[in-house]
Amino acid sequence: MLPNYFDRDVAERYDDTEDAMFSPEVLGPTVDLLAELAGDRPALELAIGTGRVALPLSERGVRVHGIELSEAMVDQLRAKPGADRIEVAIGDMTSARVEGGFGLVYLVFNTIGNVTTQDGQVAVFETAAAHLEPGGCFVIETGVPILRRLPSGERFAVFDHTDGHVGVDEYDVATQLMWSHHYTSTDATTYTRSSLPLRYAWPAELDLMARIAGLRLRDRWSDWDRSAFTGESTKHVSVWVKP
Ligand SMILES: C[S@@+](CC[C@H](N)C(=O)[O-])C[C@H]1O[C@@H](n2cnc3c(N)ncnc32)[C@H](O)[C@@H]1O
């Protein structure tokens, strides 16, 4: 049984704690690109969560399905207007299968890292490939590991330091595991910590996983606005196609 880091407590607070990710500036270009890639075929979101992306994509007329491990996250989605248009299967994206063929499968917001083994991440690519029709695309949005910022012997890198939130990534370069530590506070005095384990991978390793699953890299951008991916990019939006 996989651990569920998105239990009821986290699920109830998810949309508030991640409110910046719900902004039109973030969701506009995300949904534009996904809608274009889906065309007139249905889309499948792996780890659909509370429907942050699926709901606005469905509003664009794309038929969206989802797979999600956490029932509590799906309960949040179900309570939102438009949720009746989205079919969600509770399951693990490394093995779950749903009916139908899709023109687009997508996995956003660093969530490939929530699968903490290499075999598991390959299995996610196989899940995507199993659901794609020929010519369909698998899209991943995830961060580029910030190892270049770690001096020799250092394990910790601060990725956010704002009012009420300090984010620190802890890296174990021997195992490619990391822990995202979030310290949150409402009074800037007392902080509560929550930590999430992740497996980081370079884009090139993800390309090999895609090949194992029978997919080929089509595009890689540094963001949803299709800006060029460079050595300075902190994240990537990658598109692999099923021949
Ligand atoms: C950061 S949230 C992203 C949710 C949504 N995609 C979004 O962009 O807001 C990560 C989600 O991945 C789900 N998840 C983690 N591991 C999973 C797995 N193996 N199979 C399916 N869902 C998983 C979690 O339950 C959680 O809802």
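Read the figures in this text as sums done on the coordinates, not as results from a lab. As the structure is a prediction and not an experimental result, all values here were calculated from the model. Here the Cβ is made from the backbone with ideal geometry for all residues, glycine too, and neighbour counts use every protein chain on show.
For the reader, a short list of remarks on this structure follows.
- Under 5 Å between amide hydrogens, built in the peptide plane, is the criterion, and for Val108 it picks out Glu141 among residues at least 5 positions away or on other chains.
- 222 nm mean residue ellipticity, helices alone, for the chain (DSSP H n ≥ 4; -39,500 (n - 2.57); rounded to 500): -7500 deg cm²/dmol
- Here the Gaussian network model covers the chain, with springs between Cα atoms less than 10 Å apart; of Thr186, Thr17, Thr94, Thr186 fluctuates the most.
- Descending principal axes extents, the stretch 86-213, alpha-carbon based, whole Å: 52, 36, 20
- When restricted to Cα atoms, the stretch 147-196 yields an Rg and a Dmax of 12.1, 37 Å, respectively.
- Alpha carbon centroid spacing (whole Å) that separates the stretch 179-204 from the stretch 73-118: 23 Å
- Net charge, Tyr106 excluded, C-beta distance under 10 Å - Lys, Arg +1, Asp, Glu -1: -2
- Spherically averaged projected area in nm², based on the convex hull that wraps the Cα atoms of the chain: 13.2 nm²
- Value of relative contact order over the stretch 147-196, rounded to a whole percent, pairs C-alpha under 8 Å and six or more apart: 25 percent
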